[in-house]
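J.: Supplied in structure tokens, the structure appears directly below.
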Amino acid sequence: MLLRQIPFSLLMLFAIALMLLTATFSIVVGPMTISLFDSFKGLTPWANELPTHIQLVIHQIRLPRTLLCLVIGAILALSGTVMQGLFRNPLAEPGIIGVSAGAGLGVAIAIVVFSSIAMQYPLLMNIAAVPLFAFLGGALTTLLVYSLGTSKNGTSVAVMLLAGVAIGALSGAGIGYLNFIASDQMLRDLSLWSMGSLAGATWASINLATVSLIILLSIFMRNAKGLNALLLGEAEAGHLGVNTQRLKRRMILLTAAGVGVTVSIAGMIGFIGLIVPHLGRMLTGPDHKVLLPLSAIMGALLLTMADMIARVAVTPAELPVGIVTAIIGAPFFLYLLFKQRGRM
Amino acid sequence: MTIVKKNAISCKNILLKLGGKVILDNISLDLHHGQVTTLLGPNGAGKSSLLKILANEIKATPNESSEILYFNQAKMNWKGSQLAQHIGILPQQSSLTFAFTVREVVELGLLPLSLSRSQADCVINEMLEKVDTLHLEARLYPLLSGGEKQRIHFARVLAQLSKSGNKTLLMLDEPTSALDLSHQHNTLKIARSMAEQGAAVLIVLHDLNLAAQYSDRVLILNNGKIQSDGSPWHALTAEKIEKVYQQKVEVLKHPSADYPVVYAI
């Protein structure tokens, strides 16, 4: 209650400042020591005064990676926030209900089916075919879970989670089968993707993710009031003049697109979409008009932090960032489940 | 023609079949401005289904001659958000579990309206006051009792209708089910005063005596048909009640007011 009395503008300001600070540190941190001063300098027009190898590390590796972390984190958090609103259930999250797994199967199918064009047109493959298939996989999964688990009283947690388990298993089997029939080159692409890391950041993927983020955020914001009304229940939202069928369809497609983009670029990164909306609601309440922008910032912040941990925890090697988010997120999920237990 | 214009809603031949069973059997009904109409009937009579069809929540079974007009216009002639400014519906229960504050819940009712911040605050205060919940305004909704929640949603619906002008339809589905004695009467008094200001009010109730006290018109629904329709004195006779509810009753005049009182015997 106390937390919610902090003015929203102050909260946003604080979150943005923290995000920028973390992003800066994320450029400083890494196996190669670059001083804070040099890191800053690397981001200014005076970067060319630095030794070439430092310039390269900053411009080719650390800056793209940090930017990608920020954008992917924001998309994951937004997708989670909207999905929880859509399901009217704070346990809905793309990873938990199997949407990420569905998107993952889409990615694997794309890699295997389009392997012949991947060599010739790598860009077309990476920013069109793979994300498109990830989106299709995610959208089908969301539709399936939604129609299975949602009644007029909201979503049954049990059905939703079980559907997630089943779809996860099915997608896992599908991906396993594709691995089994894949050629050497496909296998290399598959395993590269399935390691799911933010290390492979390219400007093409950053651009794709950024454009997606801008589109998602602007459409979500325009539907914020409708999403608020939907929390009352579908019938009630209808009585308030919200076209609930259209709203639901849009939100399902857009969250699936968000998940598809993140999964195709960075693999399956769980729990950001679960934790961030919760923290956001503790800070501002469930009103989507303020929750959505705050979630975007906090998601960016959290994934960048997780990625920093992933990079330094076992230097010189690197943990997949999904492991870090799972270590933070899974206990959090159990705690939420514990709290909701009475209502299952 | 002027009489026709007074209908907030008029429906013809509403048919609802679910799994081969007839829930509503060709119901035709007009609701008039300035009247409180209560809908009574035993469990499973089709009261909630009728309300849901009138509220556009569920669709009636397609039927050539069926028709629903809101303020003399078919639904498709209204834009969704426009109609929402004139029709408010209080559900029996809400599935809201997210931690909005009480004020925010009431503010959700203002969605179809475009009010300035100060106008909105003014309406929210007024409606919270009306349902006796102003002292709860900063509390979190999920932590309230069932009766408090019901009153907050009533305030939300009243806020939704705050700019409805001379076209107002208020439908309440068992609005007193979770309320204590004084709040039951307060809720129905608010409904009465809405009707006196020109609104058409439809209330689903179980308590025959509350219906007798507050309605201009009583409808008794049974087996998907309207069995009785008229003033409380006309509709609530011992004979009709016994036939519908299978319960022996005695109907007397209230000692100090002109409405019937029903005793089970």
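J.: Evaluate the following for A:A74: is it modelled with pLDDT of 95 or more and either within 14 Å of another protein chain (Cβ to nearest Cβ) or crowded, with 16+ Cβ neighbours inside 10 Å (or both)?
T.: For A:A74, the condition - modelled with pLDDT of 95 or more and either within 14 Å of another protein chain (Cβ to nearest Cβ) or crowded, with 16+ Cβ neighbours inside 10 Å (or both) - is met.
J.: Enumerate the helices (runs of 4 or more DSSP H) found wholly within the stretch A:216-278, keeping only those where 1 or more residues are closer than 30 Å to B:L169 by Cα, modelled with pLDDT under 95 and away from chain B (no Cβ under 14 Å). Even if it seems obvious, please write down each step before you answer.
T.: On the way: elements: A:224-232, A:234-239, A:244-266.
It comes to A:244-266.
J.: For B:I220, only one of the following conditions fails: (1) surrounded by 23 or more Cβ atoms within 10 Å (Cβ to Cβ); (2) farther than 14 Å from B:L40 by Cβ. What is its number?
T.: (2)
J.: Moving to a separate point now. Let me confirm something: among B:L15, B:L40, B:L96, which residue is hydrophobic (A, V, I, L, M, F, W, C) and closer than 22 Å to B:S193 by Cβ?
T.: Only one candidate passes the filter, namely B:L40.
J.: In this structure, is B:S28 more than 15 Å from the chain's Cα centre (by Cα), more than 14 Å from chain A (Cβ to nearest Cβ) and farther than 27 Å from B:T237 by Cβ?
T.: Criteria not met by B:S28.
J.: Can you find even one residue in the stretch B:125-133 that is facing chain A (nearest Cβ under 10 Å) and outside any helix (DSSP H, G or I)?
T.: no
J.: May I pose another question? For residues that are hydrophobic (A, V, I, L, M, F, W, C) and surrounded by fewer than 17 Cβ atoms within 10 Å (Cβ to Cβ), tally how many sit in the stretch A:200-226.
T.: 7
J.: Please tell me if B:V201 is under 26 Å from B:D121 (Cα atoms) and in a strand (DSSP E or B).
T.: Here the answer is yes, as B:V201 does meet what is asked.
J.: Among the residues of the stretch A:283-294, is there at least one that is farther than 12 Å from A:S79 by Cα, more than 14 Å from every other protein chain (Cβ to nearest Cβ), aliphatic (A, V, I, L, M) and in contact with a helix residue (DSSP H, G or I) (Cβ under 9 Å, 6 or more places away or on another chain)?
T.: Checked against the condition, which is being farther than 12 Å from A:S79 by Cα, more than 14 Å from every other protein chain (Cβ to nearest Cβ), aliphatic (A, V, I, L, M) and in contact with a helix residue (DSSP H, G or I) (Cβ under 9 Å, 6 or more places away or on another chain), the stretch A:283-294 yields at least one hit.
J.: Let me ask you something else. Of the residues that make up the stretch B:80-102, is at least one more than 7 Å from chain A (Cβ to nearest Cβ), without any contact (Cβ under 8 Å) to a residue 12 or more places away in the chain and farther than 28 Å from A:P90 by Cα?
T.: No, the stretch B:80-102 contains no residue that is more than 7 Å from chain A (Cβ to nearest Cβ), without any contact (Cβ under 8 Å) to a residue 12 or more places away in the chain and farther than 28 Å from A:P90 by Cα.
J.: Separate question: Filter the stretch B:26-69 down to residues that are among the hydroxyl-bearing types (S, T, Y), in contact with a Lys or Arg (Cβ under 8 Å, 6 or more places away or on another chain), under 18 Å from B:D229 (Cα atoms) and at pLDDT below 95, then give me how many there are. Full working, then the answer.
T.: Step one: list which residues in the stretch B:26-69 are among the hydroxyl-bearing types (S, T, Y), which gives B:28, B:37-38, B:48-49, B:61, B:65-66.
From what's left, in contact with a Lys or Arg (Cβ under 8 Å, 6 or more places away or on another chain): B:28, B:37-38, B:61, B:65-66.
Imposing the further condition that a residue be under 18 Å from B:D229 (Cα atoms) reduces the set to B:28, B:37-38.
Then drop every residue that is not at pLDDT below 95, which leaves B:28.
So the answer is 1.
The values are calculated or read from the model by the stated rules, or taken from the named source; none is laboratory data. Note that the structure is a prediction, hence the values are computed from the model and not measured. A quick note on method: Cβ atoms are made from the backbone with ideal geometry, for glycine too, and the neighbour counts reach across all protein chains shown.
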